[in-house]
2 protein chains.
Amino acid sequence: MKTWFRYNWIIREQWYEWCGEVPEEELLRRRTGGVGSILETLFHMADVEWSWIRAMQGKPDFQEKFQEYASLTKVRELDKLFRPEVEAFVNNWEERMENRAFTDTRADGTTVTDTWGEIMRHTIAHQIHHCGQLSVWARELGRKPVSPNVIGKGLMVPEAKEYK
Amino acid sequence: MKTWFRYNWIIREQWYEWCGEVPEEELLRRRTGGVGSILETLFHMADVEWSWIRAMQGKPDFQEKFQEYASLTKVRELDKLFRPEVEAFVNNWEERMENRAFTDTRADGTTVTDTWGEIMRHTIAHQIHHCGQLSVWARELGRKPVSPNVIGKGLMVPEAKEYK
């Protein structure tokens with residue numbers, strides 16, 4: 001679980017760096033699919049990650065609108081603000097938390113029960129999915145997207161001997 | 001790890017069903033980003049998943065070209081053909097395999113060593129990323145994409161009592 005979050009944070013940082021090379025009006029331009037713009041997607045990733053971590057802890061989630069954070073600097077600052085709480089939760093993650101029940105009330109009033117393990121995976125997959133959308137928009141701009149590779153990032157330490 | 005693969009297989013199946021509602025020329029049309037078409041993306045997911053699982057086992061990977069599988073039926077058949085081997089590997093996955101070393105030789109002759117745990121996560125993230133691309137292309141076609149939600153799919157069994 002920790003490996004997954006570290007992966008996502010590296011990728012998010014690389015997308016922020018990528019954004020630094022792109023005119024801000026392109027980052028804010030409305031696009032087809034997803035939440036609609038590159039910068040709002042990054043804002044949404046940080047927001048959703050933090051909100052789910054908060055929800056599992058019974059804390060209120062983030063209610064502010066993107067309009068108040070519509071610059072690369074502001075999104076990065078918000079992400080930085082959220083990170084310690086998410087990091088603390090992820091670093092304390094243990095196997096025994098996997099099947100803890102979390103009941104959520106949907107907009108229509110019905111309820112659904114998921115496990116904490118599902119919520120953690122949902123949060124992880126959420127970002128990866130949105131990065132896929134960013135990669136299409138990057139190509140539309142004629143730019144190389146950030147590589148989504150998990151391999152080659154030194155996320156884990158291999159055993160000294162090759163497994164045969 | 002098993003939960004992740006089950007998630008990806010459910011989503012892939014849902015994309016196949018989604019494809020069944022779309023004219024085949026749209027599935028084959030060249031698009032911006034990723035591997036270039038909806039159907040080739042699904043072919044690529046099945047191919048890459050199987051090839052990595054094979055690679056860890058020291059078996060040769062899949063070398064055939066998409067052109068020979070350029071229909072929804074053929075891609076689904078190929079996926080079905082690959083699945084038992086992938087499923088067997090995933091079902092036998094154990095914690096102790098996480099840090100096994102796998103050394104890959106890149107196209108330029110240099111080598112890189114990753115762990116089996118990184119390769120498994122790479123394979124999982126690979127599909128999720130490409131599904132994000134599919135979701136943008138779906139919206140370009142004026143169609144609702146398959147939901148990437150991990151929650152709400154009954155992938156895990158919650159404990160009987162809500163955790164407070």
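The figures follow:
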{"quantity": "Count of the stretch A:65-82 residues which are surrounded by fewer than 16 Cβ atoms within 10 Å (Cβ to Cβ) and within 15 Å of A:Glu49 (Cβ to Cβ)", "calculated": "2"}
{"quantity": "Any hit, the stretch A:150-162, residues being under 16 Å from the mean Cα position of the chain (by Cα), in contact (Cβ under 8 Å) with a residue 24 or more places away in the chain and either open to solvent by 50 Å² or more (accessible area, probe 1.4 Å) or farther than 30 Å from B:Glu159 by Cα (or both)", "calculated": "yes"}
{"quantity": "Residue under evaluation A:Val112, criteria (1) more than 8 Å from chain B (Cβ to nearest Cβ); (2) outside any helix (DSSP H, G or I), criterion not met", "calculated": "(1)"}
{"quantity": "Tally, over the stretch B:115-149, of residues that are within 30 Å of A:Glu159 (Cβ to Cβ) and either hydrophobic (A, V, I, L, M, F, W, C) or not in a helix (DSSP H, G or I) (or both)", "calculated": "7"}
{"quantity": "Filter result for A:Val136 (at pLDDT 95 or above, surrounded by 21 or more Cβ atoms within 10 Å (Cβ to Cβ), facing chain B (nearest Cβ under 7 Å) and in contact with a strand residue (DSSP E or B) (Cβ under 9 Å, 6 or more places away or on another chain))", "calculated": "no"}
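The values are calculated or read from the model by the stated rules, or taken from the named source; none is laboratory data. Just so we're clear, the structure is a prediction, and the values are computed from it rather than from any experiment. A quick note on method: Cβ atoms are made from the backbone with ideal geometry, for glycine too, and the neighbour counts reach across all protein chains shown. Areas reflect the complete protein model, heavy atoms only, side chains present, ligands, DNA and RNA absent. Shrake-Rupley method; radii C 1.70, N 1.55, O 1.52, S 1.80 Å.
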